[in-house]
């Protein structure tokens, strides 16, 4: 498994509905490139370690707008953090436990090692397949989100959201599966964000679960805390 160390990223700026030319390179050492990283379509890597990413942000995206896309800039400080590259998919059997996940529509394949352990623990308790839309990029940036900086959060698709944009009823197997996975995540993650839709009212009443607003009507969001790590001494 690939481990890397990077300069810790911090939030610096968000500029909705701005053209691709809003941010530019500042020196010959800066690198600007078109990318196809999920919602991220353009990236500038500055020589000082800052990252600027441009693309589709669901809250502000409007195809009728002159500038439908948005920018997010991630600053740096002098601290270092460790990231690992998560396998593109996993399907492992350990006795009666099955750990299986797949990525969908995301290149955000890097995460804090502790978060990855929490993710695997949640899937093992749930004991069914999940689909993740990722954590962070290799630089610790995470457009369109600002919540995934340094790979400290990860998203998962709801099973109870249907292809028509609505939700399966609470009596459905899909809803019960979502509830079971949420309860598994509550064992390992510091905070779990769900949507503001009435479909999630019961979820929001659980401890460790908060209203994540309209952006989380489409997916679970799990925040990891280093306080969840326990050192085992033999």
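The values are calculated or read from the model by the stated rules, or taken from the named source; none is laboratory data. These numbers come from a predicted model, not from an experiment. Using ideal geometry, Cβ is built from the backbone for each residue, glycine included, and neighbour counts are taken over all protein chains shown.
Among the residues making up segment 94-117, those that are in contact with a strand residue (DSSP E or B) (Cβ under 8 Å, 6 or more places away or on another chain) and more than 23 Å from residue 144 (Cα to Cα) are 98, 99, 100.
From the set of residues in segment 79-116 that are more than 25 Å from residue 39 (Cα to Cα) and either in contact (Cβ under 8 Å) with a residue 40 or more places away in the chain or outside the structural domain of residue 190 (by TED's automatic domain parsing) (or both), which is surrounded by the most Cβ atoms within 10 Å (Cβ to Cβ)? For segment 79-116, the residue satisfying everything is 114.
Within segment 132-152, being touching a strand residue (DSSP E or B) at 6+ places or on another chain (Cβ under 6 Å) and surrounded by fewer than 24 Cβ atoms within 10 Å (Cβ to Cβ) holds for 133, 138, 139, 146, 147, 149.
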